[in-house]
Amino acid sequence: DVEMKCVEDPSISLNEEPTVVVVNELYLAEVKLVEDARLIDKAQFVSVACQIISIILQLNYQSVSRFTRTQLCQRLKQSDDFQKMLLQKHHEQQLELVKSGSD
């Protein structure tokens, strides 16, 4: 059940007719979050960004973990093309390490 409210659109210029936009509580909460976000300092921003990255990495890890348990992943691991691709990638990484070590 979403409560709807009518508010004037603040993005219009004073020379135009006022328009009315219907918004819900979620929209108002998002506007407040954006306003609050403008007030944070660098340390708070870095802290929030690190927490977000951590959550994303955890979700990615969970997705990869689920995928590795599928039959598709097992077939992929057993395919010759996949093995060749892994060997090629490993070889490329080794070359990059050698190149960066000689610089």
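The values are calculated or read from the model by the stated rules, or taken from the named source; none is laboratory data. Computed from a predicted model, the values in this text were never measured in an experiment. For neighbour counting, all protein chains shown are included, and Cβ atoms are generated from backbone atoms with ideal geometry for every residue, glycine included. The accessibility values were calculated without ligands, DNA or RNA, using every heavy atom of the protein model including side chains. Shrake-Rupley method; radii C 1.70, N 1.55, O 1.52, S 1.80 Å.
Below are the figures for this structure:
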quantity: Positive dipole terminus of region 35-103, leading residue within 53, 63, 76 (C-beta point charges); calculated: 76
quantity: Per residue value of the accessible surface for region 34-103 (all protein chains in place, 1.4 Å probe), Å²; calculated: 94
quantity: All lysines inside 25 Å of residue 32 as judged from Cα atoms, apart from same-chain residues fewer than 8 positions distant; calculated: 5, 42
quantity: Per principal axis, descending, Cα span of region 20-65 in whole Å; calculated: 48, 27, 11
quantity: Virtual spin-label span in nm between residue 56 and residue 26, 7 Å along Cα→Cβ; calculated: 2.2
quantity: Formal net charge of residues neighbouring residue 81 (Cβ-Cβ distance under 14 Å; K, R +1; D, E -1); calculated: +3
quantity: Residue 40 paired with residue 91, simple spin-label distance in nm, labels 7 Å along Cα-to-beta-carbon; calculated: 4.6
